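Working notes, beginning with the structure itself.
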Amino acid sequence: MVRDDTCPNPEGCPVASLEWVEGVAIVVAIVIIVLVGSLTDYQKERQFQKLNAQREDRTVKVIRDGNEQQINTKDLVVGDIALLEPGEILPVDGVFLSGHNIRCDESGATGESDAIKKVSYEECIAERDGLEPGGKRKLDCFMISGGKVLEGVGSYVVISSGTNTFNGRIMMCRSFLLF
């Protein structure tokens, strides 16, 4: 213990050691940094969850029971007639019924970088009937989930939704492989 010579006590006054202050200051600084970092991460996670919920909360125009309606993509069922517009990302698989100049980008699902021209189901059947045995089909009437409508308008009938879609099966296999 160090003695202070300016102390009125003739034997001298002890001076307290302040070495512990640095250690406490470092611990307090670490606690503050961890708390601020955790709070920031928590806020970012909440914002990410809100954005994800908005992204998944899409609506699509359908004809159900003879009436045109806008419904959530999660509520689509087999047999609904969905309407196509440019820029729309297809939420379900379907068969193209009718429309004008539909071209889709299916590169996310098939890897094909070219836009795929879609023709109606009737045109596909007519081509099939005119093919020789073993001939290759050139027309495509299938709408694949995850594809993006680049141009044109039309309608298609829903043939599968959710995990039964082309894109849904890919995601299920992918999630299986991750675990």
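Structural remarks
- Across the stretch 153-167, coupling constants 3J(HN,Hα) worked out from phi with the 6.51/-1.76/1.60 Karplus curve, θ = phi - 60°, read 9, x, 9, 9, 9, 6, 10, 7, 9, x, 6, 8, 6, 4, 5 Hz, and Gly and Pro carry x.
- Solvent-accessible area of Ile144, all protein chains in place: 30 Å² (probe radius 1.4 Å, heavy atoms, ligands and nucleic acids excluded).
- Å² of accessible area per residue within the stretch 34-131, as computed with a 1.4 Å probe and no ligands counted: 65 Å²
- Put a dot 7 Å past the Cα of Asp75, heading toward its Cβ, do the same for Asn52, and the two dots end up 2.4 nm apart.
- Dipole magnitude of the stretch 61-176, debye to nearest 20 (Cβ charges: Lys/Arg +1, Asp/Glu -1, about Cα centre): 340 debye
- For the stretch 48-122, with +1 on Lys and Arg beta carbons and -1 on Asp and Glu, the positive-most of Gln54, Leu83, Ser98 along the dipole: Gln54
- Residues of type lysines that Lys50 reaches as a straight line, Cα spacing below 22 Å, ignoring anything fewer than 8 places off in the same chain: Lys74
- Candidate cross-link partners of Lys117 among the lysines, defined by an alpha-carbon separation under 20 Å and a same-chain spacing of 8 or more, comprise Lys136, Lys138, Lys148.
The values are calculated or read from the model by the stated rules, or taken from the named source; none is laboratory data. Just so it is clear, the model here is predicted, and its values are computed rather than measured. With ideal geometry, Cβ positions are generated from the backbone for all residues, glycine too; neighbour counts draw on all protein chains shown. Just the protein is used for accessible areas: all its heavy atoms, side chains included, with ligands, DNA and RNA removed. Shrake-Rupley method; radii C 1.70, N 1.55, O 1.52, S 1.80 Å.
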